[in-house]
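Read the structure below first, then the notes.
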Amino acid sequence: MRKSGILLHISSLPSKYGIGRMGKSAYDFVDFLQASETAYWQILPLSPTSYGDSPYQSFSVYAGNPYFIDFEMLEQIGLLEHEDYASMLWQRNADSIDYELLYRNNITVLRRAFVKFRKKRMRGYTAFKNANKHWLPEYALFMALKSSHDGKPWYEWETELAMREKTAIEHAKKILADEIELYCFIQFLFSQQWNHLKKYANQHQVEIIGDMPIYVAYDSADVWASPELFALDETKKPIEVAGCPPDPFSPTGQLWGNPLYNWEYHRKSNYDWWTSRLKFAASLYDVIRIDHFRGFESYYTIPYGNQDAIKGKWRKGPNKKLFQTVERELGNLNIIAEDLGFITPAVRNMLKALQYPGMKVLQFGFDSDTENEHLPHNFSSSKCVVYTGTHDNQTLKGWLEDSSKNTVKYAKKYLRVKKKSEISNAMIACAWQSIAELSVAQMQDFLHEGKSGRMNTPSVLGGNWQYRTCEEDFSPELAKQIRKLNRIYGRAVKFKKKEIKKEISVKNTKTEKNIDSEEKKQS
């Protein structure tokens with residue numbers, strides 16, 4: 001069935017408190033998607049951000065980002081007073097995210113909520129801890145230790161803690177018991193709010209496409225607590241790290257710096273860690289987009305300590321066996337394979353065997369010739385997802401500003417428009433009219449944002465992940481335009497109008513007040 005989606009991370013939603021959160025603006029965006037008859041909301045990883053504020057460099061593959069917890073919802077269930085958060089400085093510029101302020105203020109507010117929580121408790125907390133005991137205790141201990149070390153990475157802690165000597169770990173658990181409980185509580189709040197939001201989206205026939213990074217950050221609870229999963233030496237230093245080789249867009253390659261996997265260990269353990277990770281991801285999202293999917297066939301390795309990615313080697317990965325093993329345990333998973341970059345016949349064979357839809361990106365289609373695989377007339381199958389651009393791309397308007405005259409000339413001819421200013425809308429329509437089962441565009445492109453709307457510039461540190469929208473962006477007029485596009489090209493989600501009115505009419509009471517009153521009953 002033909003469908004469409006809009007890519008907009010939670011961080012980019014409107015908010016008075018520094019960053020998009022899982023409160024009213026998130027529910028309003030679901031309503032916007034429903035009004036536009038759009039089937040999918042695509043987001044970036046929900047994980048806590050670490051180095052460079054990137055959601056692809058996280059302290060945990062399981063934990064949720066505390067920045068997304070909505071304070072107004074906590075106030076409604078009695079865990080905060082309005083002055084606990086409203087009087088604080090959250091942003092110096094309403095158009096971008098100030099991560100320095102967030103880092104300092106967000107945890108302060110959540111500590112205030114924790115004080116009230118300890119006096120009243122909430123039913124479901126113990127059950128949450130038990131259901132997540134495969135990761136939560138180690139993550140909470142990791143974060144408590146990180147807090148007690150002024151945020152330093154674990155490999156800069158005392159050797160006995162970095163190497164997890166038993167006596168040192170047991171001592172830390174005792175003296176940091178309250179802090180450990182705080183981080184468990186924060187994850188409980190995140191889980192409650194996310195589950196309510198996802199349920200609301202699904203009830204309104206909107207499904208969530210979530211993003212799962214292939215790699216794990218070196219400074220993470222996962223590497224610290226389970227070093228056997230990774231290619232580390234006896235001192236827990238990476239032997240080699242992840243990245244991409246040089247190409248025309250990046251002459252020195254991309255040095256990501258993530259530790260690589262000990263694939264022999266994963267094979268011998270029947271890929272249990274991956275089964276657990278994908279099972280958890282499937283509980284968070286309706287569809288899982290796996291980043292850098294080609295890395296499962298073969299992956300680029302760079303010696304640890306190198307300053308760029310020029311010198312490196314390709315090594316073989318687990319290929320299709322990993323996913324075949326996982327699906328024997330979990331059944332069929334809804335996966336989108338991010339198959340961009342250096343794609344070899346071996347990678348194509350892996351994707352063909354697994355039957356996961358790959359990706360096409362229209363921005364990549366106009367730089368070469370008519371045989372470019374990202375141009376819709378070359379799509380060999382409808383089993384793919386076409387994007388106008390991803391979070392790593394410029395906005396369409398910014399892309400046009402940066403493109404060569406020849407690229408723009410070819411785009412105008414291909415899209416059959418006369419003016420450069422018409423290309424952006426024509427590219428979205430081109431994606432929607434293609435044979436791809438799913439077409440996706442960034443919200444920025446529907447809003448005609450320029451270069452300031454770019455979410456991320458790969459290999460550039462600083463200035464990324466800061467894009468924000470405002471309430472006025474999600475107008476009924478824009479919803480109508482997108483709905484018209486969906487209907488013209490057979491991608492509209494069909495509803496029963498009476499049910500829509502009923503759900504929308506109770507949004508403010510059911511999704512905010514009633515949910516919160518249910519939590520009060522549980523406390």
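The values are calculated or read from the model by the stated rules, or taken from the named source; none is laboratory data. All of these numbers come straight from a predicted model, not from anything done at the bench. Note: ideal-geometry Cβ built from the backbone for every residue, glycine included; neighbour counts use all protein chains shown. These accessible areas exclude ligands, DNA and RNA; they are computed on the full protein's heavy atoms, side chains included. Shrake-Rupley method; radii C 1.70, N 1.55, O 1.52, S 1.80 Å.
Please pick out the residue among Ser434, Ser404 that is among the polar types (S, T, N, Q) and either touching a helix residue (DSSP H, G or I) at 6+ places or on another chain (Cβ under 6 Å) or surrounded by 20 or more Cβ atoms within 10 Å (Cβ to Cβ) (or both).
Working: Ser404 fails: either touching a helix residue (DSSP H, G or I) at 6+ places or on another chain (Cβ under 6 Å) or surrounded by 20 or more Cβ atoms within 10 Å (Cβ to Cβ) (or both).
Just one listed residue meets the conditions, Ser434.
Could you list all residues from region 297-327 that are open to solvent by less than 40 Å² (accessible area, probe 1.4 Å), in contact with a Ser or Thr (Cβ under 6 Å, 6 or more places away or on another chain) and over 30 Å from Ala201 (Cβ atoms)?
Gly312, Gly317
For region 402-451, which fully contained helices (runs of 4 or more DSSP H) count at least 1 residues that are among the basic types (Lys, Arg) and touching a Lys or Arg at 6+ places or on another chain (Cβ under 8 Å)?
405-415
Taking Asp98 as meeting all but one of (1) surrounded by fewer than 18 Cβ atoms within 10 Å (Cβ to Cβ); (2) closer than 20 Å to Glu179 by Cα, write down the number of the exception.
Here Asp98 meets the rest and fails (2).
Say whether the condition of being open to solvent by less than 20 Å² (accessible area, probe 1.4 Å), at pLDDT 95 or above, under 21 Å from the mean Cα position of the chain (by Cα) and not charged (D, E, K, R) is met by at least one residue in region 85-92.
No: region 85-92 contains no residue that is open to solvent by less than 20 Å² (accessible area, probe 1.4 Å), at pLDDT 95 or above, under 21 Å from the mean Cα position of the chain (by Cα) and not charged (D, E, K, R).
Please find, among Phe342, Phe379, the residue that is over 30 Å from Ser452 (Cβ atoms), at pLDDT below 95, surrounded by fewer than 22 Cβ atoms within 10 Å (Cβ to Cβ) and touching an Asp or Glu at 6+ places or on another chain (Cβ under 9 Å). So that I can check it myself, show each step before the final result.
On the way: Phe379 fails: at pLDDT below 95.
Of Phe342, Phe379, the one residue that is over 30 Å from Ser452 (Cβ atoms), at pLDDT below 95, surrounded by fewer than 22 Cβ atoms within 10 Å (Cβ to Cβ) and touching an Asp or Glu at 6+ places or on another chain (Cβ under 9 Å) is Phe342.
Within region 345-371, take every residue that is exposed (fewer than 15 other Cβ atoms within 10 Å of the Cβ) and closer than 25 Å to Gln433 by Cβ and give me the one that is nearest to the chain's Cα centre (by Cα).
Checking each candidate, the answer is Gln355.
Quick one: count up the residues across region 286-311 that are out of contact with any Pro (no Cβ under 9 Å at 6 or more places or on another chain) and among the charged types (D, E, K, R).
Residues in region 286-311 being out of contact with any Pro (no Cβ under 9 Å at 6 or more places or on another chain) and among the charged types (D, E, K, R): 3 in total.
Please identify the pairs in which a residue from region 342-361 that is in contact (Cβ under 8 Å) with a residue 40 or more places away in the chain has its Cβ atom under 7 Å from the Cβ atom of a residue that is polar (S, T, N, Q) and open to solvent by 30 Å² or more (accessible area, probe 1.4 Å), counting only partners at least 6 apart or on another chain.
Met350/Asn319
Are any of the residues in region 467-484 at pLDDT below 95, open to solvent by less than 70 Å² (accessible area, probe 1.4 Å) and in a loop (DSSP other than H, G, I, E, B)?
So far as region 467-484 goes, no, none of its residues is at pLDDT below 95, open to solvent by less than 70 Å² (accessible area, probe 1.4 Å) and in a loop (DSSP other than H, G, I, E, B).
Is it true that Arg454 is modelled with pLDDT of 95 or more, within 18 Å of Ala26 (Cβ to Cβ) and touching a strand residue (DSSP E or B) at 6+ places or on another chain (Cβ under 9 Å)?
Working: modelled with pLDDT of 95 or more: yes; within 18 Å of Ala26 (Cβ to Cβ): no; touching a strand residue (DSSP E or B) at 6+ places or on another chain (Cβ under 9 Å): yes.
No; evaluated as a whole, the condition is false for this residue.
Report every pair of residues separated by at least 6 positions or lying on different chains whose Cβ atoms are under 6 Å apart, first residue within region 254-276 and modelled with pLDDT of 95 or more, second assigned to a loop (DSSP other than H, G, I, E, B) and of a type outside the set (Asp, Glu).
Asn258/Tyr215; Pro259/Tyr218; Leu260/Ala231; Asn262/Ala231; Trp263/Pro318
Looking only at residues in region 52-79 that are farther than 29 Å from Lys152 by Cα and not acidic (Asp, Glu), which one is most open to solvent (accessible area, probe 1.4 Å)?
Among residues in region 52-79 that are farther than 29 Å from Lys152 by Cα and not acidic (Asp, Glu), the one most open to solvent (accessible area, probe 1.4 Å) is Gln76.
Of the numbered conditions (1) over 26 Å from Leu255 (Cα atoms); (2) open to solvent by 10 Å² or more (accessible area, probe 1.4 Å), Thr49 satisfies every one except a single condition; which is it?
The failed condition is (1).
Would you check if there is a residue in region 23-43 being over 29 Å from Gln205 (Cβ atoms) and more than 14 Å from the chain's Cα centre (by Cα)? Let's see the steps before the verdict.
Filtering region 23-43 down to residues over 29 Å from Gln205 (Cβ atoms) leaves none.
No: region 23-43 contains no residue that is over 29 Å from Gln205 (Cβ atoms) and more than 14 Å from the chain's Cα centre (by Cα).
Report yes if Arg487 is modelled with pLDDT of 95 or more, out of contact with any helix residue (DSSP H, G or I) (no Cβ under 8 Å at 6 or more places or on another chain) and at negative phi, otherwise no.
yes
Can you name the residue in region 382-401 that is part of a loop (DSSP other than H, G, I, E, B), under 18 Å from Pro458 (Cα atoms) and open to solvent by 20 Å² or more (accessible area, probe 1.4 Å) and, of all such residues, is modelled with the highest pLDDT?
Filtering first and then ranking leaves Gln394.
Could you check Ala35 against (1) surrounded by 20 or more Cβ atoms within 10 Å (Cβ to Cβ); (2) within 30 Å of Met1 (Cβ to Cβ); (3) not hydroxyl-bearing (Ser, Thr, Tyr) and say which number it fails?
Result: Ala35 passes all but (1).
Restricting to region 266-290, give me the number of residues that are of a type in the set (Asp, Glu) and either more than 18 Å from Leu229 (Cα to Cα) or under 15 Å from the mean Cα position of the chain (by Cα) (or both).
Residues flagged as of a type in the set (Asp, Glu) and either more than 18 Å from Leu229 (Cα to Cα) or under 15 Å from the mean Cα position of the chain (by Cα) (or both) within region 266-290 amount to 1.
Taking Arg294 as the residue in question, decide whether it is assigned to a helix (DSSP H, G or I), open to solvent by less than 40 Å² (accessible area, probe 1.4 Å) and either in contact (Cβ under 8 Å) with a residue 12 or more places away in the chain or touching a Cys at 6+ places or on another chain (Cβ under 8 Å) (or both).
yes
Kindly evaluate Asn319 against the criterion of being under 19 Å from Ala242 (Cα atoms) and in contact with an Asp or Glu (Cβ under 6 Å, 6 or more places away or on another chain).
Here the answer is yes, as Asn319 does meet what is asked.
Output the residue which, of all residues in region 276-291 that are part of a helix (DSSP H, G or I) and open to solvent by 20 Å² or more (accessible area, probe 1.4 Å), is farthest from Asn195 (Cα to Cα). If you could, list the steps in order and put the result at the bottom.
Applying the first criterion (part of a helix (DSSP H, G or I)) to region 276-291 yields 276-284.
Narrowing further to those that are open to solvent by 20 Å² or more (accessible area, probe 1.4 Å): 276, 279-280, 282-284.
Values: Ser276: 19, Lys279: 16, Phe280: 13, Ala282: 13, Ser283: 9, Leu284: 8 Å.
Only one residue tops the list, namely Ser276.
Quick check on my filter: what residues within region 314-349 are closer than 15 Å to Tyr261 by Cβ and part of a strand (DSSP E or B)? Step through it out loud before you land on a result.
Going residue by residue through region 314-349, those that are closer than 15 Å to Tyr261 by Cβ are 314-319, 321-323, 325-326.
Passing the criteria: Trp314, Arg315, Lys316.
Any idea which residue in region 231-264 is most open to solvent (accessible area, probe 1.4 Å), counting only those that are in contact with a Leu (Cβ under 7 Å, 6 or more places away or on another chain) and in a strand (DSSP E or B)?
Applying the filter and picking the extreme gives Glu240.
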